[in-house]
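Enquirer: Provided herewith is a single structure, encoded as structure tokens, for subsequent inquiry.
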């Protein structure tokens, strides 16, 4: 949409899609991994880290150097900042300077997937919601 329909970015569409996909995997992996490991508080922590702290420090609408230091640099080590820098690099500079952003996003993606797998080990397998030996209830048996 950004490339073809709106014409906002003008690089290779496949490279831009890969950059956006890696960012999405990193952000979702971080939130899902913390959620799988810590439950509800982990989801809140992941959302806080990725979105509430990451968006203002990302410098997506400007350069990270324009933010007060060290916050511009810190923002580049969070998924939103690294994703914005990677997309900017892929769309306008033929990938120049994208190495750190790719490494940061790949690290978040691998760590997030690892936390999801680790968190799944701690939960028992879920069976059916109603045990098979329990007969179904009729509407007359249900009281409010």
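Enquirer: Need the full-extension length gain, residue 71 to residue 38, defined as separation in residues times 0.36 nm minus the C-alpha distance. One decimal, nm.
Expert: Numbers: separation 33, 0.36 × 33 = 11.88 nm, distance 2.73 nm.
Extra length available between residue 71 and residue 38 comes to 9.1 nm.
Enquirer: Sticking with this structure for a sec: To the nearest µm²/s, what D does Stokes-Einstein give for the chain at 10 °C and 1.306 mPa s, using the Kirkwood radius over alpha carbon pairs as Rh?
Expert: Numbers: Rh = 17.4 Å.
In µm²/s, the coefficient rounds to 91.
Enquirer: Here is a follow-up. If one takes the longest principal axis of the Cα atoms in the chain, at what angle in degrees, from 0 to 90 and to the nearest 10, does the Cα axis of helix 13-38 lie?
Expert: 40 degrees
Enquirer: If you take the beta carbon distance between residue 55 and residue 120 as r and set R0 to 30 Å, what does 1/(1 + (r/R0)^6) give as a FRET efficiency, to the nearest 0.05?
Expert: Values: r = 29 Å, r/R0 = 0.96.
FRET efficiency, residue 55 to residue 120: 0.55.
Just so you know, all these numbers are worked out from the coordinates, no wet-lab data involved. This is a predicted model, so every value here is computed, not measured. Reconstructed Cβ throughout: ideal geometry from the backbone, glycine too, with neighbour counts over all protein chains shown.
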